[in-house]
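Here is the structure we will look at.
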Amino acid sequence: MEFTNREMKIWNEISEWQENLYQYERTDLSALYDKWLGQGFDLLPDNVQQQFFEKLDTWLFHLHAMVQSSQIQIDARERILASARLFNEDIETLDDLNHLSIDQLNYIANQHIANHRLYSFAQGGISGSGSLLLLGSDIPAMTVINVRTVQLIAMSYGIEVNTPFEMMIALKVFNAGAMPKRLQGMAWEELITEVQNAEDDYFYLGSEELTNPSWMEQPLKQLLKAVSITVFRKKLVRGIPLISMAIGAGSNYQMTRNVSEFAQKFYQYRYLQMKKAEEE
């Protein structure tokens, strides 16, 4: 199968991005951090670690299901289909989106990506405004925003995320996108291999492990951000805690940027792979 010029250009962009992930070299500081984090978790008994990560995985899975079944997500799905009908009036289901060009799908996905980056920016600014209640709700709110972002990107490329298989894949994409860059190459490779070797595209038959000690870097960064906000929230500029708000907004925006970039590359890759398989 031959890609169109635009599809080939995007395929090459994904390949270059992928190579950059594989070649990413961790710094001495990150190596020291990994060692410290591993030693910290090694202090906990194995059964305590297992229970902690199992509960965290279960919480993420239920959160994903709750977001997916929410009315706001159902409405977003209809908006995706409505946007697709601007390009092709015969679009009825998400499966029909494979009749659109990659640029048209990128346009639909980019609208949701831009909106959710803005939501994250605003959420960070609000959490940095000085209220301890708002600061305490930041991690759950950011998790919802980013899980929802991945779901919308998947749907924008014609992937239904309400099956057990696609729900788990979307969660793993979210987890991978939230990982530090030095770990994303391995996570990308595992996701691609899992999708290509899947024996069933409805039921999920692979490993259901989502979180582990290395994944905890992002939540710890969020806690570090909370400490920084707490320190600077009394530094007012004309009565407004601009420094703490800037810390919160910048940190949250960067997280959603990383997650949305990873997710978009992954679902672009799947769209192109599925198109190739259909024509072979």
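The values are calculated or read from the model by the stated rules, or taken from the named source; none is laboratory data. Predicted, not measured: the structure shown is a model, and the values here were computed from it. A quick note on method: Cβ atoms are made from the backbone with ideal geometry, for glycine too, and the neighbour counts reach across all protein chains shown. Ligands, DNA and RNA are stripped out before the accessible areas are found, and what is left, the full protein with its side chains, is counted by its heavy atoms. Shrake-Rupley method; radii C 1.70, N 1.55, O 1.52, S 1.80 Å.
The residues listed here are ALA109, ALA114; of these, the one that is of a type in the set (A, V, I, L, M), at negative phi and open to solvent by 40 Å² or more (accessible area, probe 1.4 Å) is ALA114. Set side by side, the residues SER120, SER127 differ, and just one is more than 23 Å from LYS275 (Cα to Cα) and more than 17 Å from the chain's Cα centre (by Cα), which is SER127.
Going by the structure shown, is ARG257 more than 24 Å from PHE174 (Cβ to Cβ), in contact (Cβ under 8 Å) with a residue 24 or more places away in the chain and surrounded by fewer than 23 Cβ atoms within 10 Å (Cβ to Cβ)? No.
Out of all the residues in the stretch 120-142, is one or more open to solvent by 70 Å² or more (accessible area, probe 1.4 Å), of a type in the set (A, V, I, L, M, F, W, C), assigned to a helix (DSSP H, G or I) and out of contact with any helix residue (DSSP H, G or I) (no Cβ under 6 Å at 6 or more places or on another chain)? Yes.
Checking the structure you have, find out if any residue of the stretch 172-179 is over 16 Å from VAL147 (Cβ atoms) and surrounded by 16 or more Cβ atoms within 10 Å (Cβ to Cβ). No, because not a single residue in the stretch 172-179 is over 16 Å from VAL147 (Cβ atoms) and surrounded by 16 or more Cβ atoms within 10 Å (Cβ to Cβ).
For the stretch 3-26, the set of residues classified as closer than 17 Å to GLU261 by Cβ and aromatic (Phe, Trp, Tyr) consists of TRP11, TRP17, TYR22, TYR24, listed by residue number. Can we say GLU2 is out of contact with any Ser or Thr (no Cβ under 8 Å at 6 or more places or on another chain), modelled with pLDDT under 80, exposed (fewer than 11 other Cβ atoms within 10 Å of the Cβ) and closer than 27 Å to GLU160 by Cα? Answer is yes for this residue. Do we have any residue at all in the stretch 173-187 that's of a type in the set (Lys, Arg) and either within 29 Å of SER69 (Cβ to Cβ) or modelled with pLDDT under 80 (or both)? No; the residues of the stretch 173-187 include none that is of a type in the set (Lys, Arg) and either within 29 Å of SER69 (Cβ to Cβ) or modelled with pLDDT under 80 (or both). For the stretch 231-249, the set of residues classified as assigned to a helix (DSSP H, G or I) and open to solvent by less than 40 Å² (accessible area, probe 1.4 Å) consists of SER244, GLY248, ALA249, listed by residue number.
Report, by residue number, each residue of the stretch 153-164 that is farther than 15 Å from ASN258 by Cα, in a helix (DSSP H, G or I) and open to solvent by less than 10 Å² (accessible area, probe 1.4 Å). Write out each step before concluding.
Going through the stretch 153-164, the residues farther than 15 Å from ASN258 by Cα turn out to be 154-164.
After this cut, where a residue has to be in a helix (DSSP H, G or I) as well, the list is 154-156, 164.
Matches in the stretch 153-164: ALA154, MET155, SER156.
Quick test for you: out of TRP59, TRP36, pick the one residue that is of a type in the set (Phe, Trp, Tyr), exposed (fewer than 15 other Cβ atoms within 10 Å of the Cβ) and at pLDDT 85 or above. Explain how you work it out, then say what you get.
On the way: TRP36 fails: at pLDDT 85 or above.
Exactly one of TRP59, TRP36 is of a type in the set (Phe, Trp, Tyr), exposed (fewer than 15 other Cβ atoms within 10 Å of the Cβ) and at pLDDT 85 or above, namely TRP59.
Checked against the criterion of being outside any helix (DSSP H, G or I) and touching an Asp or Glu at 6+ places or on another chain (Cβ under 8 Å), the candidates LEU272, LEU210 yield just one match: LEU210. For the stretch 114-149, a residue qualifies if it is closer than 16 Å to SER260 by Cβ and in contact with a Leu (Cβ under 8 Å, 6 or more places away or on another chain), and the qualifying residues are HIS116, THR143, VAL144, VAL147. Among the residues making up the stretch 54-100, those that are among the hydroxyl-bearing types (Ser, Thr, Tyr) and part of a helix (DSSP H, G or I) are THR58, SER69, SER83. The number of residues in the stretch 42-53 being part of a helix (DSSP H, G or I) and open to solvent by less than 80 Å² (accessible area, probe 1.4 Å) comes to 3.
When GLN218, GLN184 are checked against the criterion of being polar (S, T, N, Q), open to solvent by less than 70 Å² (accessible area, probe 1.4 Å) and touching a Gly at 6+ places or on another chain (Cβ under 8 Å), GLN184 stands alone in meeting it. Of a type in the set (S, T, N, Q), more than 30 Å from ILE240 (Cβ to Cβ) and exposed (fewer than 14 other Cβ atoms within 10 Å of the Cβ), is that true of THR193? Taking the combined requirement at face value, the residue satisfies it.
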